[in-house]
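Below is one structure, written out as structure tokens, with a few remarks after it.
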Amino acid sequence: MVKRILIIDGHPDPEPQRLCHGLANAYASGAVDAGHEVRRLELHSLDFPLLRSEADFETGKPPPPIATAQADISWAEHIVIVYPLWLGSMPALLKGFLEQAIRPDFAFERATSGWPKKRLQGKTARIVVTMGMPVMIYRWIYLSHSLRSLERNILKFAGISPVRETLFGMIKEANEQTRNRWIDQMATLGRSGR
């Protein structure tokens, strides 16, 4: 089944040798090869301000790059978010982007009582995270807290579910064979549209 896929490359560094860029490229290649429709957002190339007030979040107008990104999110059936773990969480650029994009009246509607209405239902996601530590340490010692926050407090809150994850650890120690295996894994995921 052909899917509309949006890949959000959340690495702030535009240097092409970054592993996150290679993983995003591999996923995109696999998806295109399988006939899926693919759009990409490379956050390092977007220029947008950080939100600085509740009023701006609640009622402010998204800047043009964010409005375009929201259109891409609306278009997509499946969203892939790729980022490096920095200080135990996502980079500030990705967090700032999500705060701008996942706003009231786009991602959810505030209810007069009860829970907000989820406006992004019917979409699925995959979160891909690279890190310097072993994945098992991140999962068992740090309890994947930042990954869980992105999954539960942002994506599922807006209705995106299921959310799958792919984690790559010890990236600085990884040899070329290991990196190529990761690239192949991402291409396979892209072909599957998952």
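The values are calculated or read from the model by the stated rules, or taken from the named source; none is laboratory data. A quick note: this is a predicted structure, and the numbers were derived from the prediction, not measured. Counting neighbours? That spans all protein chains shown, and the Cβs are built from the backbone with ideal geometry, glycine included.
Some notes on this structure:
- Pair list, Cβ < 8 Å and 6+ apart or interchain, from the stretch 24-37 residues that are among the β-branched types (Val, Ile, Thr) to residues that are buried (at least 17 other Cβ atoms within 10 Å of the Cβ) and in a helix (DSSP H, G or I): Val32/Gly190
- Those residues of the stretch 101-115 which are of a type outside the set (Asp, Glu) and part of a loop (DSSP other than H, G, I, E, B), in sequence order: Ile102, Arg103, Phe106, Ala107, Arg110, Ala111, Thr112, Ser113, Gly114, Trp115
- Subset of the stretch 28-69 [in contact with a Leu (Cβ under 6 Å, 6 or more places away or on another chain) and either modelled with pLDDT under 95 or not basic (Lys, Arg) (or both)]: Leu43, Phe57, Pro65, Ala69
- Of all residues in the stretch 21-40, those that are in contact with a Phe, Trp or Tyr (Cβ under 8 Å, 6 or more places away or on another chain) and in a strand (DSSP E or B) total 1.
For (1) free of Cβ contacts under 8 Å to residues at least 24 places away in the same chain; (2) in contact with a strand residue (DSSP E or B) (Cβ under 9 Å, 6 or more places away or on another chain), each residue gets a yes or a no:
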{"position": "Leu41", "(1), (2)": "no, yes"}
{"position": "His44", "(1), (2)": "no, yes"}
{"position": "Glu54", "(1), (2)": "yes, no"}
{"position": "Lys61", "(1), (2)": "yes, no"}
{"position": "Asp72", "(1), (2)": "no, yes"}
{"position": "Val82", "(1), (2)": "no, yes"}
{"position": "Lys95", "(1), (2)": "yes, yes"}
{"position": "Ser113", "(1), (2)": "yes, no"}
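- All positions within the stretch 70-92 that are surrounded by 12 or more Cβ atoms within 10 Å (Cβ to Cβ), under 21 Å from Ser149 (Cα atoms) and more than 12 Å from the chain's Cα centre (by Cα): Gln70, Leu85, Trp86, Ser89, Ala92
- The set of residues from the stretch 126-173 being in a loop (DSSP other than H, G, I, E, B), touching a residue at least 60 places away in the same chain (Cβ under 8 Å) and either aromatic (Phe, Trp, Tyr) or over 30 Å from Asp105 (Cβ atoms) (or both) comprises just one member, Ile171.
- Within the stretch 141-194, considering residues that are surrounded by 16 or more Cβ atoms within 10 Å (Cβ to Cβ) and among the β-branched types (Val, Ile, Thr), the one farthest from Ile73 (Cα to Cα): Ile171
- Scanning the stretch 162-188 for residues that are basic (Lys, Arg) and either out of contact with any Lys or Arg (no Cβ under 6 Å at 6 or more places or on another chain) or more than 23 Å from Glu151 (Cα to Cα) (or both) returns Lys172, Arg179, Arg181.
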